[in-house]
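Some notes on the structure that comes next.
The values are calculated or read from the model by the stated rules, or taken from the named source; none is laboratory data. Note that the coordinates shown come from a computational prediction; the quantities given were computed from them, not determined experimentally. Cβ placement follows ideal geometry from the backbone for every residue including glycine, while neighbour counts extend to all protein chains displayed.
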Amino acid sequence: NKPVSVRLSRINPDPSGISTRKYESTMIQEVIDRMAGQIVYGTPIPPVQLIQTEGDRYPRIADGFIRYQAHRKAGVRKIRALTCSGTLLSAAQMWLRSNSKHGLCLRLAEFDEALLKIFDLLEQEEQHITISELETLTGTDRNTLVRTVSRWKNNTQSKESTP
């Protein structure tokens with residue numbers, strides 16, 4: 001799979017409805033500013049990962065939101081991207097996997113929010129995932145995952161019992 005050039009205006013920056021609040025912090029904005037400067041000076045930046053989901057007009061960013069924002073800030077109209085097809089669930093899983101493994105880690109609340117979204121998508125698609133599979137997906141310890149799964153189950157039961 002070779003990178004292709006994609007217009008920024010033809011990318012949906014939202015991976016399956018997972019919040020991008022973490023990118024609003026001052027520290028992240030500084031990273032975006034530095035990277036935008038590198039782009040302006042011609043420094044090669046790794047491609048973003050896009051996933052085309054059924055029913056979406058444009059592919060979603062599964063990995064590379066900061067690179068995407070840096071290209072926008074630099075005034076560049078196109079970005080190098082690796083593309084694939086998938087579901088909202090696969091986009092969310094890819095996003096969580098990449099954000100759990102690189103240097104700009106998710107805060108605990110963001111991690112929980114992303115996992116809860118994945119659980120909802122799994123339920124919508126009538127799929128299941130084991131704690132061991134979640135450990136592999138996220139690189140997160142079992143206790144943290146069990147806590148989040150329990151919270152999701154409680155939220156789901158609360159929704160079902162509300163008239």
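Results for (1) touching a strand residue (DSSP E or B) at 6+ places or on another chain (Cβ under 6 Å); (2) more than 17 Å from Val6 (Cα to Cα); (3) at pLDDT 90 or above, shown as yes or no for each residue.
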residue: Ile28; (1), (2), (3): no, yes, no
residue: Asp33; (1), (2), (3): no, yes, yes
residue: Tyr41; (1), (2), (3): no, yes, yes
residue: Pro46; (1), (2), (3): no, no, yes
residue: Leu50; (1), (2), (3): yes, no, yes
residue: Gly55; (1), (2), (3): no, yes, no
residue: Ile61; (1), (2), (3): yes, no, no
residue: Gly64; (1), (2), (3): yes, no, no
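Restricting attention to the stretch 29-49, the residues being part of a loop (DSSP other than H, G, I, E, B), of a type outside the set (Val, Ile, Thr) and more than 30 Å from Thr87 (Cβ to Cβ) number 3. Looking only at the stretch 50-62, which residues are surrounded by fewer than 23 Cβ atoms within 10 Å (Cβ to Cβ) and in a strand (DSSP E or B)? Correct list: Gln52, Thr53. Scanning for something polar (S, T, N, Q) and modelled with pLDDT of 90 or more, does the stretch 6-24 turn up at least one residue? Yes, some residue in the stretch 6-24 is polar (S, T, N, Q) and modelled with pLDDT of 90 or more. Across the stretch 68-89, the number of residues qualifying as in a loop (DSSP other than H, G, I, E, B) and within 20 Å of Gln52 (Cα to Cα) comes to 2.
Look at (1) surrounded by fewer than 21 Cβ atoms within 10 Å (Cβ to Cβ); (2) touching a helix residue (DSSP H, G or I) at 6+ places or on another chain (Cβ under 8 Å); (3) at pLDDT 90 or above; (4) of a type outside the set (A, V, I, L, M, F, W, C) and you find that His71 fails only one, number (1).
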